[in-house]
Structures are given as C-alpha cells and as structure tokens.
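Have a look at the structure below, then the notes.
The values are calculated or read from the model by the stated rules, or taken from the named source; none is laboratory data. All figures in this text were calculated on a predicted structure; none of them were measured in a lab. So basically every Cβ, Gly included, is an ideal-geometry build from the backbone, and we count neighbours across all protein chains shown. Ligands, DNA and RNA are excluded from the accessible area calculation, which covers all protein heavy atoms including side chains. Shrake-Rupley method; radii C 1.70, N 1.55, O 1.52, S 1.80 Å.
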Amino acid sequence: MNLLPVTDADLNAYADGQLASSRVAAVEEAFARDPALAARVADAKRHNAELRDALDSWLADPIPERLLAAAAGPVKSAPGSARRWIAAAFAVAAALALGLGTGWYTRDLELERAGTPTTFTRQAALTHALYAADVNRPVEVWAPEEKRLVTWLSKRLGFPVAAPDLNSAGFALVGGRLVAGHQNPTALFMYENGDKQRLSLQVRKQPVDGGEVAFRYAVENGVGVFYWIEDNCSYALSGNLDRPQLLSIGRVVYGQLAALEAASKN
Amino acid sequence: MAVLADPPLPQPDLLAAIPRLRRYARVLTGDINRADDLVQETLARAWEKRRLWAAGSDLRAWLFTIMHNVFVNQRALARREKLQVSLDGGGDAEDAWQIPVRAAQYTRVELSELMQHVGRLPADQREVLLLAAVEELRYEEIAIALGIPIGTVMSRLSRAREKLRNAFADAPAGAAPLKVVK
C-alpha cells in the first residue's frame, strides 16, 4: 500500500474516479479513520452526479444551423444552396455522431419532424442484404463501366447521380444496378473491401415533399443503415458494419457529395 | 473526384463535440445566445488553426482549449469596455451569471440550488469543476485545455468543492433540505 498521507488531490481524484489504483487503499483507510473525509468525498461525488444529471439533457438539444455551418468549415465562395447542402450533410453527421455518444433521442425527433417513411430503411436493408449476399452477380453493371452505369442510372432516376469514391475507406466500387423503389426507382452502388465486406449506397428521389433534412440510423435484420434526405433525394448507406465504421464511411460520402454539389452549382 | 482541399478536421468528431461545447459554453457564459456565439467562434478558430491540431490527438480537449482562450479574450475585452464606461466596479459580469434552464429540468429544489452555487463560483473554479465533473476530462487534459499547471487544476478544484460544501452548510434552515439529526 502507498502510505503517503492523504491529500486534497487524492480526495478529488477519488471522487472523480481518477485516483491511481495504488492510492485507493490509503484513501479508503483514511475514510475509515475519519468519517468527515468520507463525507466530503461523498458530497463531491453526489454533486458530480447531480451536475451531470442536470446538464446531460442539454446534449440532446438540436444544433442550430449556424453552428453546423461553422463546423463545416470555411466554404470558399460557395453559393447559398451548396452551403446549405453542406450544412445539411453535417446535420446528418451530427445526428449520427451525437447518437454515438448520447443515445438516439434526436433521431426520433427529427424523424417525426420530417415525416420520414420509416419503411425506406427497411427496404434499403433488405435490398442490400439481397444483392450483397450474391457473390457472383451483386450488380448489373460493373465498376469498369462506371461511366455508363452513372449515365444510365442518372437517366432512369431523372437527376444526376454519382458513385462516391470510397477507396480511402478501403472500399472499392463493385458496380451498381437499378432497383425498385416505393414510388420511384432507386440507384444502388455496391462497394467491397479487402475482407469481402460489402456496403451499398442507395439513392432515390423522395416521393414525399422532403424540404427538411431527416436522418436515421437503424439496424434492420442485422444490417446497419444510415439514411438521410436532402433536396428531395433519399440516401441510404447500408452494410454489415458497426456504427463507427459506417460513420467514418458516411463522412467520406457526405464530403464527396457536398463537393460535387458545390462544383455543380459553381 | 474533387474533395475539399486543405486537410480537414475529422468532421464526425467535430460534430460530436458540438453538444458538449455548447453545454460548456452555456455554463461559462450563463446565456444561451452568448454560448452559441462562443461555440461558433470556437469552431471558426478551430478551422483557421486546424494545422495546429495534432491529428490523432483528442479533438474535444483541443476544442475546449480554443473555447477557453476565446472566452478569456472576450471577457478581458468586455471588462476593458466596461471599465471605460464606469469605474465603480459594481455589477461584474459574473454577478449576472445564471444557468439558463427550462423549469421542467428540475424536479428537485436541491438541484437548482446546487446550480446556483456553481454559478456563484469564480469562473476559473467553475471551469475546472465542470471539466472534471461533467465533461470528465482527465486532470492532465484540463491543465492543457486551460493552460495551467496541474497543481493549479487541483487547487481550483479543491476550492470549488469547499465552496459548494460551505454554501450548503450555510444555507438558511428554511431553504435547506432535511438534515439528518444525530
């Protein structure tokens, strides 16, 4: 046991759970000798818990757009809409990131606000599971013909789509296909990493009025789906990956879509 | 494919930090709008100075550092302005500090009392207490964030806790929760 006399610093560290394990016995022995010390630490611990209790609820407050825009960083001469797009992408990322740390309260709030059809995540997960499991024919048009794929899908969807480059995240484009959607056709891009894990990005026009951003992370049948709406388009990133992995890939996707959007508006 | 030029900050981490930055800013400033101004300024500085962030190190602790510096600078500026207006020394900004809460957040009188006591702590002690108790940063991280020696972190924390204890002990009998009678 470390027998140095117990200091204020020891007591604080004990209350904050930061005391070196070699000192714990000495401090606890001091509590036994002096109940006043024990009471002090009990007060400190109770105050900590009460402060956290009171202040944790603030973490779920929706983040104002100006802060999302500030978090997106300086955008050089971006037109308003591109900036808004980026802020929106960040709202999505914020929701996911926040969810990682503090639970999912905002998810449902946002979902309710935008009236999102919750079935899309399920549909995206099922579609992903169906094609990702198909070893030989996961896609209709393969990556070497990416240009033709993108042209075809853009034409069928009625707006330009692009396959984000996820090589930086270790996922190479396998190819893509057109899949049936609820009211509108959906474009599916499939990716694969060195471990043969697959993920898909599905894009479709949003059938309902999607003026607002909505985001959702869900696990459907074991498939993680990160889903959001922007500018009347729905996006679903699906894969048998854990949340942090899907999050980091989601980050790459937003970055690229935002950059593309900004470029197209310039 | 074009991606944003300069090495960006890791955005999910940045976004994940915002609710905590806002919370800390609210506690620092005692005002929701001023808090968001502070967070906005902090984020802008973080982007400006992103080259100074050592990739892989704790982004949240670094953001708290920036926020602390911005806050200290703003306060110094406000004091100077105030001094030009009046030299009477009354009405220090800290006197006006008030935790902005929605009434529903408190079901226990005791708790809002604690928040009031925290609000009366000097800002430097309040900062350390909040970073340790609520943000649960390591003392070493707090020292770095606030740019002070770790011994100062410990002494401020001790003083903050002593004041809280005394505040409850001094509370008028009527306002205090039931006391255990030996």
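Charged neighbours of A:L178, selected by a Cβ distance under 12 Å, balance to +3 (K, R count +1; D, E count -1). From most to least packed by mean Cβ count within 10 Å, the peptides A:255-261, B:120-126 give A:255-261, B:120-126.
Within 10 Å of the Cβ of each residue in B:152-162, the mean number of Cβ atoms contributed by other protein chains is 4. The slack in the chain from A:A25 to A:R156, taken as 0.36 nm per residue of separation less the alpha-carbon distance, amounts to 40.1 nm. When only the Cβ of Lys, Arg, Asp and Glu is charged (+1, +1, -1, -1), the dipole of the stretch A:6-59 relative to its Cα centre reaches about 40 debye. Surface burial for B against A, with a 1.4 Å probe and both sides summed, reaches about 4500 Å² of accessible area.
Of interest is the spacing of the C-alpha centroids, which for the stretch B:54-81 and the stretch A:24-50 amounts to 33 Å.
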